[in-house]
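Here the structure comes first, spelled out in structure tokens, and everything after it is commentary.
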Amino acid sequence: MSTAVVEKVKTEEKPSVPKKKFAQGLCFYKLFWVFFIACFLGVILETLWVFVTRFELQNRTGLIYGPFNLVYGCGAVIMTICLNWLSGKRDLWIFLAGTFIGGGYEYFCSWIQEKMFGTVSWQYDKMAYNLDGRINLLYCIFWGILALLWVKEIYPRMSRWIEKIPNTYALSLTWVLIVFMIFNTIMSALAVACMAARNQDSATSNAVTAYFDEHYPDERMAKIYPSMVFVSE
């Protein structure tokens, strides 16, 4: 058998190396996509919840551009990181961990929003077993149930879906979305800060505040954040 034939046979017998999937494992890119998808799905689910329970079609976004809410995105990332090691444990432990992590996260979000902007977007002071009106027992239990569903069903399916994003444009698309979300977050924070300054009669006159006063007056902000109220109210 000639050398050329031998080399050809060896090449044909050599097993093909499986192509590496995008965002394999619990990596930065996987967590970003979890964050991005949860930002969007959270708004959809909360909008449906408000419609079913209150018969109102109300805007539940957290950012000024697009149907996104950072609370859900960050919550999904925290749940993924904190509960990943419990994926093989008993359901009870996942439920209890989710109850405490979710409740603590919701309390922190309410507290930091009030301290930074003087506003709150939810108040549970009229519900039983609440803590400072920021969290209550019922919704903490909901967090526990959601954590169980997240670990057992939602995240594994979402993870497989993310890994199917074609490598040809996955990284480029991811970084475009990262830049967009950073820009969206900064612009939203500035818009809320200017609104808070106007409400507290402490607004200063400069190019930034002039832009937001013109493009995001109180009337428009009230439509974007209909559930947001100032603590003084």
In whole angstrom, note down how far apart the Cα centers of the range 130-159 and the range 56-123 are.
8
Here are some values of Cα Rg over 2.2 N^0.38 Å: (i) 1.08; (ii) 1.02; (iii) 1.33. Which one was computed from this structure?
(iii)
How high is the relative contact order of the chain, given as a whole-number percent (alpha carbon pairs under 8 Å, six or more residues apart)?
24
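Between LYS115 and SER87, what is the FRET efficiency for a Förster distance of 41 Å, r being their Cβ-Cβ separation, to the nearest 0.05?
E(calc), rounded to 0.05, equals 0.75.
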Please name whichever of PRO156, CYS39, VAL231 sits farthest to the positive end of the charge dipole of the chain, dipole taken about the Cα centre and charges placed at Cβ: Lys and Arg +1, Asp and Glu -1.
PRO156
With the charge dipole of the chain built from beta-carbon charges (+1 for Lys and Arg, -1 for Asp and Glu) about the Cα centre, the Cα from GLY62, ASN199, PHE117 projecting farthest to the positive end belongs to GLY62
Net charge dipole size for the range 25-227 [Lys, Arg +1 and Asp, Glu -1 on Cβ; Debye, nearest 20]
720
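Computed from the coordinates by the stated procedures, all read-outs in this text should not be read as laboratory data. Here the structure is a predicted model, which means the values were calculated and not measured. Backbone-built Cβ (ideal geometry, glycine too); neighbour counts: all protein chains shown.
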